[in-house]
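Structure, as structure tokens:
The values are calculated or read from the model by the stated rules, or taken from the named source; none is laboratory data. Since the model is a prediction, treat every value here as computed from it, not as a measurement. Positions of Cβ are backbone-derived with ideal geometry, glycine not excepted, and every protein chain shown enters the neighbour counts.
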Amino acid sequence: MSIVERDLTYLVPETDLSTLPPRAAIRSFTLVSGPKTHFPGFKWTLEFFFPQAYRILLTGPERPRPPHDNVNAPSPYLFTILSFDKQKCHAVFAFPSPTTSGLGSVSGIAPNEKLELHVWWAYQLFTEVWQTSPSTGGTDAKPVLRDLQARSYALTEFGVIRHWMLDRSRLHLGLGEKAAPIDLTGRSFTMHATDAALYDAYRTDPLYKHTPFLISTPKATDGKEMGLTYGIFHATNSVATWDVGGEIDYPSGGWSKKFVQHWGGLEEWVMVGRGVEGVVKTFAEMAGKPKLVGRDWLGYLGSTMLLADDENAQHLLEGWPELCEKYNVPCSAMHLSSGFTVDEKTGSRWVFYLNKKRYPNFKGMVEVFHKAGMKIVPNVKPYMLHTHPSYNLVKDGDGLFYDPITKGPSKQNLWSSGMAESGDGSWADFSAPATREWWARGVQGLIDLGVDGMWDDNNEFFTRDDGLLCKNEFDHSREAGLDGKIPTGLMGRVMGTELMNKVSHDVLQAAAPERRPYVLTRSGNPATFKYACSTWSGDNATSWREMRGSQHIQLNSALSLMQSTGADVGGFGGDTPTPELFVRWVQLGVTHSRFCIHSAPSDTRGQPKLNVPWMYPDLLPIIRAQIKWRYCILPFLNNLMWRSHLHAEPSNAPLFYGPFATDPTLYTGNILNGFDAWLGVGQLLIAPQVFEGGLTHRVYFPMESRNDDSWYFDLHAPFGKHKAGTWSTVATPIEHGGLFARQGAVIPVGKDHVTLTAVGGPARTHTDGVRAVLKSEGGQVSYDDWRGVMIFPGDNESTGWGEWIEDDGISADPSTCVVRVAYQVPREEDGEIQVDVTAKYKDSFVPLWMGSIHVLLPVGEKRTVTGAVGKPCGDKMAWVVEVKLDGMVE
């Protein structure tokens, strides 16, 4: 392998800042190639677009700014020159004050915490970020991030290399969808998406996503103040490598981390925050917060290739709602695999083609699902076999990637029919208007048949050759662009993923502007999630080890703003899961932000594989109970999706996230390599059983501070309580894993099946005009007309509160209702708990359950609720409390 690394040296200031008055404010600082350099024409520019985040642009000959749409950059801030020494080639700049904008507050850094950026350029250009305190005159300055002084900026054949010093005591996270464990330190990763079917969840790299966003955070230690966290994001879509301390260069400074970008100039964003939370939220301000997921996509999502590929597919699929009713398993949607696109004669899969032998009345099949209150989302793929009926149409429109060697469309073998079967074809170039128009017609055709969203699959655009040319003609503005046809290496292959999802989203939105578009994508860059609202970790394999690894993959994905995600429960490929493995995987899956049971059509022996809730009759009661539990907490899950959308708060998060960052125990090996996580930070502690034969699990209960004496309530028998900061071995029989509510948690709950949030409109009627049939009419759904709330009060004389958002779960611009619960615990152990519930409305939405709410206290709680009537609710007592109107949401 050839190596090209040429140090970029002898840059000089474009403007002499020494002539400015002390503490002058500027909007940018630029260095350019000086007379001594071997590489003329380069420019390095520093700008602050957020109070705690700056951007570096490095461009030059054959290295333009990377074309992308991954960042929503506002106008740059003014920042202050603290010192400028022309002779020593050294400048110090102050970060903008966080008080100058509300954006500063997301980082978690207090106004009295000051940050400085130091820049040196005598020979090697290098930078350092320092944290200082004005009260000490800077004598307590602490380094946050430092370039590797002797090897900071360099050029490759077509791209750039960056090096930083590495503190191996820190935790490194993010990078999107990366193999377990969650700590990335000491490993190297490829930034590029590929079809990694049957991957190893602990070893395979790359997987399906392209997210060059690395987080570095200190580990909390007893008696020491915690330093700051930082994140580094590279906006490029080009193939790159992040080496997070996998190699040592002793002469240059020892341990380092390295980013190698294969094409183009550098666009680097550096953000500093208090804890991982501060950096994640700052990144969300740059890249955009996650889209709001519709409520119907939070339940059980059915999916199977076997049924969709059967020659009698429509008949089998139309029987799915009956099976769900027969086994009393609620289901919200069916993901329709690509068997409906198979050519009757050749067996090849042609996207948007409809096999009328397998599906003689596709629209009628969709109606069957809609009457049962289930959505349908079909699988579509962004490539075309040469035999595709529309291949020549797209080719003649210059809608395929161009091969400058063959002087025609790029061709390669692509998946065509059965497992691992391929044929010759071409990837569609979505930077070409002809491709976008063809795709839009195809999506609209499926919408006309009644479908409810798009499942954008197999969209890694692994074109293999960076020299292929893309059309590069867009009909929307982008953050950074270039003119004319350009190599895919510079454009980035994942550009196709982003635009595929954009067209799918835009057509769905235009067809039903009153509804939230649902686009599920397998691949993606940050810009993709402006259009796709959900994703999953691809074609995993069935094993205990893969299930364990999936938990770490979900958590790093969530920190990278993929906050509606999950794994194929039961495993896509490989052997059929054993009964025990399947039960444990369902127990884990129902705690993820996306819950889908899926499988390939056959196992490793060629036998049919069909992962469904009723596949093991003896264990169906356990699986049914887990799925129904998910529906019970659907109001809670819906609120978590709102929190993600509004505040970039991950619904699934590692235990050290947010207010728990200072707990040293959470950074020990047992925790970091373990599988416990939050479902709603600080609300539900999930402690899954992920080992074969495991019947107990040792659990640690996180602390917010050294003085935290909060309780954790076991939601399973014997319903014990555990103090924060302690360990306990809990029972995990086959019926359940570990599940604990933290003191102060407020968990809204509803019915244990599919419910409708409104009597009419989009919540009841699908886009094809079909209305979901109520249970009272012989159907499978009912109205969302009952609400409970679980509260977990502390000891005597304590108070607590919580709130959540209610909406219809489907409107594009939803009216909402914010419900707030506040309670006060009396001094007496046998006294009454005062509970007040208020609601604020935005516009006209009033939940069907509104009027009263059922307050559920922990099992074993002897106190009652002041002025409330007690009613049996399952094996508990519920206290009915009136909901008071508290005005309108501003």
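Residue check: is L685 in contact with a Leu (Cβ under 7 Å, 6 or more places away or on another chain) and buried (at least 18 other Cβ atoms within 10 Å of the Cβ)?
No, not satisfied.
I'd like the full set of residues that are within 22 Å of L739 (Cα to Cα) and touching a Cys at 6+ places or on another chain (Cβ under 8 Å), limited to region 846-871.
H854, L856
Quickly run through region 841-875 and pick out the residues that are surrounded by 15 or more Cβ atoms within 10 Å (Cβ to Cβ) and closer than 25 Å to Y712 by Cβ.
Those that are surrounded by 15 or more Cβ atoms within 10 Å (Cβ to Cβ) and closer than 25 Å to Y712 by Cβ: I853, H854, V855, L856, L857, P858, V859, E861, R863, T864, V865, C873.
Is it the case that region 95-103 has a residue that's crowded, with 17+ Cβ neighbours inside 10 Å, more than 27 Å from the chain's Cα centre (by Cα), part of a strand (DSSP E or B) and at pLDDT 95 or above?
No, the conditions are met nowhere in region 95-103.
What is the number of the single condition among (1) surrounded by 16 or more Cβ atoms within 10 Å (Cβ to Cβ); (2) farther than 26 Å from I805 by Cα; (3) touching a Phe, Trp or Tyr at 6+ places or on another chain (Cβ under 6 Å) that W727 does not meet?
W727 satisfies all of (1) surrounded by 16 or more Cβ atoms within 10 Å (Cβ to Cβ); (2) farther than 26 Å from I805 by Cα; (3) touching a Phe, Trp or Tyr at 6+ places or on another chain (Cβ under 6 Å) except (1).
What number of residues within region 56-83 satisfy the criterion of being part of a loop (DSSP other than H, G, I, E, B) and among the small types (G, A, S)? First the steps, then the outcome.
Here is the first cut: in region 56-83, the ones part of a loop (DSSP other than H, G, I, E, B) are 61-62, 64-67, 69-76, 78.
So of that shortlist, the ones also among the small types (G, A, S) come out as 73, 75.
Going through region 56-83 one residue at a time, the tally reaches 2.
Considering only residues that are on the phi > 0 side of the Ramachandran plot and either of a type in the set (A, V, I, L, M, F, W, C) or out of contact with any helix residue (DSSP H, G or I) (no Cβ under 8 Å at 6 or more places or on another chain) (or both), which ones fall in region 635-667? Show your work before the answer.
So in region 635-667, the residues on the phi > 0 side of the Ramachandran plot come out as 648, 658.
The one that is on the phi > 0 side of the Ramachandran plot and either of a type in the set (A, V, I, L, M, F, W, C) or out of contact with any helix residue (DSSP H, G or I) (no Cβ under 8 Å at 6 or more places or on another chain) (or both): A648.
Checking L115 against (1) part of a loop (DSSP other than H, G, I, E, B); (2) within 31 Å of the chain's Cα centre (by Cα), which single condition isn't satisfied?
Failing condition for L115: (1).
State which residue pairs qualify: first residue farther than 17 Å from T236 by Cα and inside region 470-492, second residue of a type in the set (A, V, I, L, M) in any location, beta carbons under 6 Å apart, and separation of 6 or more residues or different chains.
Note: pairs meeting the criteria are K471/A432; K485/L469.
Looking only at residues in region 323-373 that are of a type in the set (S, T, N, Q) and outside any helix (DSSP H, G or I), which one is farthest from the chain's Cα centre (by Cα)? Explain how you work it out, then say what you get.
From region 323-373, those of a type in the set (S, T, N, Q) are 328, 332, 337-338, 341, 346, 348, 355, 361; that's our starting set.
Narrowing further to those that are outside any helix (DSSP H, G or I): 328, 332, 337, 346, 348, 355, 361.
Working: N328: 31, S332: 21, S337: 23, T346: 38, S348: 33, N355: 34, N361: 36 Å.
Out of the qualifying residues, it is T346.
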